[in-house]
Amino acid sequence: MAVSARKREKELKKALAYEAHRPEERSIGSFKEMRKENLKRAWYRFSHNKLSVIGLIIVVIVVLAAIFAGKITPYPEHAGAFTDFANSTKAPCGQYLLGTDNMGRDILTRIVFSFRGALKMAILVLVISVPVGTFLGLLAGFMNRTWVDTVIMRISDIFLSVPALLLALAVASILKPNLTNSMLAITIMWWPWYTRIVYGVATSCKNEYYVVSAQLLGASKAHIIFKEILPNCLSPILTKMSLDVGWVILMGATLSYVGMGEQPPIPSLGQMVSDGARYMPDQWWMTIFPCLAIIIIIMGFNFMGDGIGDMLSKGDSKYE
Amino acid sequence: MSNEKTPILEIKNLKLWFKVYKGYSKVLDGVNITVHQGEKVGIVGEAGCGKTTTVKSILGILPEGQYVIPEGEILYKGEDTLKMNSRQLGKVRSGEISMIYQEPSAALNPVFTIGQQMMEVAKNSDQGKGKTKAERREMVLNAIRDVFIPDPERIFDYYPVQLSGGMKQRICIAMAIMTQRDLMIADEPGTALDVTIQDQVHKTLDRLVEERDMALIMITHSLGVARELTDSINVMYAGTVVEAAPTAELFRKQLHPYTIGLMEAVPRLAGGGIQAGIYGSIPDYLYPPKGCRFAPRCPRATEQCLENKPELVDVGNGHKVACFNIEEV
Amino acid sequence: MNFKKYLLKRLLLAVVVMIGLSIVIFVISRIMPGDVATMALGSTATEEAKENYRIANHLYDPMLLQYFYWIGGVLRGDFGTSTSTDRPVAMDVAEFLPATLELVVMAAIILVILSIVLGVLAAKYRNTIVDAIVRVLSYIGVAMPSFVIATLLLLFFGHVWKIIPVLGRLSYGLTAPATVTGFYTIDALIAGDIKVFFNAFLHLLVPAFALALGGLCQEARIIRNSMVENGSKDYLSAMRGYGVPEGKILRKYQLKPSLIPAVSCMGMDIASLMGNAFLVETIFNWPGISRYGLSSMLGKDLNAIAAVLLIFGLIFVIVNIIVDLIVAGLDPRIRLGGAK
């Protein structure tokens, strides 16, 4: 693409200005300094994209808000079965920043408290499905072209062959509706993604020379799987995990929207949206603010996930 | 200096920086290369010394936005390609200069047939403009025939993945010689191939350039290839041309310590194996040496070399060298 | 030729997946707590009626045998009776499926066109304000669950800016065209009723957009990134070096190889449009099979749940095969070299 001469001029000025103030020699320091340097480099790669930093800030705020929900919210008692019909369906004002719902409960308080369920769900789902998926993927990849491979991969194909949301809904619908069961439903359809990713990496590096040479040296199977192959999978797993937090929260919100998640009076974002939708468009704040909260929290995790992906990606000369 | 011919391309003091982590990597540090009409010029140097970057900057095909050119000019037939607008540059690309890439499998689009790609090049070349499709097809088929590929009709409908490395490299050459150009840039053609095929490719290239009276810039890291194929040689080290001379002259007498080291590193059939080689590796472009870039590896380096950068000066017989301590012969 | 073998393998795999899926669905529908007969007939049914129901539905046979009875029925098009509508499930499916398909096809068209346009624009003007806007839009789009998108669009077009009808398939007072395909737009064209066609088309737009948005944003990013990645490939600088116009390089030589990764993801996304259609259909009051599926889930209507899951699985598998064919069409490396 032909870049205009003006823009080229600008780039050049920037470069000259930058180079004028740069030290002339690379500083080579102690081991400790090198580690610090590596961290700095990782941070550079992460923060290269300003959105990643914004994501990190959002995530930190959401996590802190969830932990200290009882202390920072104006009306912690509104998170439960509280009614105050005198103040019901109040529009956003100084007293209730985001308004109140039909029971007179502060929307802001309920949103902050619902972060707890969302985060709890994301953490538990990933804590269970990632190790399970990773282990099965490693196993299938290592036993490539045996019946173990076939069975594991076909089963994960089956789970991946139904839209994720649909299967989660079906499972959640036959169980009792609550947070635990909706987590279970999501976990059941989440592991195959990790199995597939790890399988891909494992089969490709199984034939690499370092694995073959380890085999020739007589290394045990466990050593090859966990010390030679697993480290190669870590970067894609971590990247996917950091992005998946957002996805799990999204899925959880959807389940709670149809009433298959956290049960009232405990607040959850999806449930607040579906409750509020009945009062549209006049009491719009009951719907819009939980919607925005969902968008912001998911976006925060996605931004951060992308940054982590940038940080872990190898061979991108741009950052070297 | 061959005075009977006019320079077709002059690269003058070209500096180029790439944007990287923590600053700008100063890859080219004042490159000077002159190519005359119909001359075959070699650029020799080790990997990473800026050969490819230099020639890519001639056509302006480096990744946009990732580099800056703080100094220098590239005069093609008297006009600076660095200052051209996209229309002027387009004219140079479509009618004046063609280029062959180092890696033939990377230089061909994997999802289009050879024919589709060559037809596109033909359509956008000065000679192909205004011709009918059938005429252009004939141009393409002739070009494929010219690089000694039998059965061009069949190759026409092949995808790159169906061809061997040698065939792909020939197709790249065919693309470059399909229309009359004044300058051909060959970036290590054949490096990716095995030696016998490489030799065939070089011969084909050499014959076609001679036939068409094109000027050639031949990039290679092999002095042997350069000796066989070129009229003059520029030896590059770490983003600068350290020595330039007519080929025969250079092989008669090397002046720059880097060239001498390079020559000594060539294994000889007469025995003795590889001689000394050159100790060390190319400098960090992010923190380049202040003076001569070869100074840290140079056996003759003095205080002066560490402080100042030597200019490329003519020492007679068209032999130019950038060194403060040329041994008196 | 390797490709035929590859295709055959792909079809075989699809059959295996479908059999596996039917087993999973069967298991899910049988591990359900509670008595099946009571759920089917209601708590007021007599013990005798329940007993008859159990015998008629082979509930006393071993599980494996039950599965074969069930799958045999399914293969003959008999999904059993829906407990919520009291009709054969097959009839419900036949009634509701076309509406969903129409919506999903429309969403798929929006998804493909807009994602390519946005992706190419972002790549062309990369690191400029255009790229940033597409990037932020795509992030927002990806971060919105379908029910949030649908709710916001409904609020906007239903209450704030009423330029497009958003609820249902047709405006009140218009009669549906005679059923040929089940797609109102196409049926209206066949019947020659332009007014109904237009009305049906407008009704499609907002729900289809709500459905497509998530995938669309993701695809735009993928296309943008692979365009940028391919942008530094030698074959493009070669083309550039030969003076091929920049626009042509972008549209043809850069786009085609860049579409390959996006197409595989698009297949996944288009297939999961069906899943997301659940909430979109419910919110926009769209009489489709997803809405039917959701209400049957909430009403624990086992036969209906099983039928919906199976049909969605089947469509998902078919779409994926089609996508594989498209990818093979785009990429000669697969077509000529067999599966990687």
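The values are calculated or read from the model by the stated rules, or taken from the named source; none is laboratory data. Since we're looking at a predicted model, the values are computed, not measured. Heads up, the Cβs are rebuilt from the backbone with ideal geometry, glycines too, and the neighbour counts pull from every protein chain shown.
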Only listed residue being over 21 Å from C:Asp331 (Cβ atoms) and buried (at least 23 other Cβ atoms within 10 Å of the Cβ), chosen from C:Gly241, C:Gly247: C:Gly241
B:Leu255, sole failed condition from (1) surrounded by fewer than 18 Cβ atoms within 10 Å (Cβ to Cβ); (2) part of a loop (DSSP other than H, G, I, E, B): (1)
Residues that are surrounded by 17 or more Cβ atoms within 10 Å (Cβ to Cβ), free of Cβ contacts under 8 Å to residues at least 60 places away in the same chain and either within 30 Å of A:Ile298 (Cα to Cα) or among the aliphatic types (A, V, I, L, M) (or both), drawn from the stretch C:166-185: C:Leu170
Pairs, first within 13 Å of chain C (Cβ to nearest Cβ) in the stretch B:175-200, second part of a loop (DSSP other than H, G, I, E, B) and small (Gly, Ala, Ser), C-beta under 9 Å, six or more apart: B:Met178/B:Ser125; B:Met178/B:Gly128; B:Thr179/B:Ser125; B:Thr179/B:Gly128; B:Arg181/B:Ser125; B:Glu188/B:Ser222
Any chance A:Ala172 is within 14 Å of chain C (Cβ to nearest Cβ) and either of a type in the set (Gly, Ala, Ser) or not in a helix (DSSP H, G or I) (or both): yes
Scope the stretch B:180-231; condition farther than 22 Å from B:Ser57 by Cα and part of a loop (DSSP other than H, G, I, E, B); matching residues: B:Ala192, B:Leu193, B:Asp194, B:Asp213, B:Ser222, B:Asp231
Residue list for the stretch B:117-132, filter: in a helix (DSSP H, G or I), modelled with pLDDT under 90 and more than 25 Å from the chain's Cα centre (by Cα): B:Lys123
Matching helices (runs of 4 or more DSSP H) fully within the stretch A:205-320 where at least 2 residues are within 14 Å of another protein chain (Cβ to nearest Cβ), β-branched (Val, Ile, Thr) and crowded, with 19+ Cβ neighbours inside 10 Å: A:230-257, A:285-312
Odd one out for C:Ser115 among (1) polar (S, T, N, Q); (2) within 21 Å of C:Trp286 (Cα to Cα); (3) at pLDDT 85 or above: (2)
Residue among A:Asn144, A:Asn87 that is surrounded by fewer than 21 Cβ atoms within 10 Å (Cβ to Cβ) and touching a strand residue (DSSP E or B) at 6+ places or on another chain (Cβ under 7 Å): A:Asn87
Residue list for the stretch C:58-81, restricted to those being closer than 18 Å to C:Phe312 by Cα and either buried (at least 17 other Cβ atoms within 10 Å of the Cβ) or touching an Asp or Glu at 6+ places or on another chain (Cβ under 8 Å) (or both): C:Trp70, C:Val74, C:Phe79, C:Gly80
Those helices (runs of 4 or more DSSP H) lying entirely in the stretch C:174-244 with at least 1 residues within 30 Å of B:Gln127 (Cβ to Cβ): C:194-231, C:234-241
Test for C:Arg169: is it within 30 Å of C:Asn230 (Cα to Cα) and at pLDDT below 85: no
Residues (crowded, with 21+ Cβ neighbours inside 10 Å and out of contact with any helix residue (DSSP H, G or I) (no Cβ under 6 Å at 6 or more places or on another chain)) located in the stretch C:287-340: C:Asp301
Residues located in the stretch C:239-255, provided they are among the basic types (Lys, Arg) and at the interface with chain B (Cβ under 7 Å from one of its Cβ atoms): C:Arg240
From B:Gly72, B:Gly78, B:Gly42, residue being over 11 Å from B:Val27 (Cβ atoms), away from every other protein chain (no Cβ under 14 Å) and surrounded by 15 or more Cβ atoms within 10 Å (Cβ to Cβ): B:Gly42
Failed item, numbered, when A:Met251 is tested on (1) within 22 Å of the chain's Cα centre (by Cα); (2) over 28 Å from A:Val60 (Cα atoms): (2)
Residues of the stretch C:299-324 that turn out to be within 8 Å of chain A (Cβ to nearest Cβ) and within 12 Å of C:Ala271 (Cβ to Cβ), as a count: 5
Residue check, C:Ser272 within 13 Å of chain A (Cβ to nearest Cβ), part of a helix (DSSP H, G or I), in contact with a Pro (Cβ under 6 Å, 6 or more places away or on another chain) and under 30 Å from C:Leu204 (Cα atoms): yes
Failed criterion for C:Leu236 (all others in (1) out of contact with any Phe, Trp or Tyr (no Cβ under 9 Å at 6 or more places or on another chain); (2) hydrophobic (A, V, I, L, M, F, W, C); (3) over 30 Å from A:Ala164 (Cα atoms); (4) within 12 Å of another protein chain (Cβ to nearest Cβ) hold): (1)
Among the residues listed as C:Ser146, C:Ser115, C:Ser84, the single one being buried (at least 18 other Cβ atoms within 10 Å of the Cβ) and within 14 Å of chain A (Cβ to nearest Cβ): C:Ser146
Residue check, A:Ala168 over 29 Å from A:Ile298 (Cα atoms) and surrounded by 20 or more Cβ atoms within 10 Å (Cβ to Cβ): no
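Can you name the residue in the stretch B:99-110 that is under 19 Å from B:Leu205 (Cα atoms) and within 7 Å of chain C (Cβ to nearest Cβ) and is also surrounded by the fewest Cβ atoms within 10 Å (Cβ to Cβ) among such residues?
Among them, the one singled out is B:Glu103.
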Residue in the stretch A:145-168 that is over 25 Å from the mean Cα position of the chain (by Cα), among the aromatic types (Phe, Trp, Tyr) and part of a helix (DSSP H, G or I) present: yes
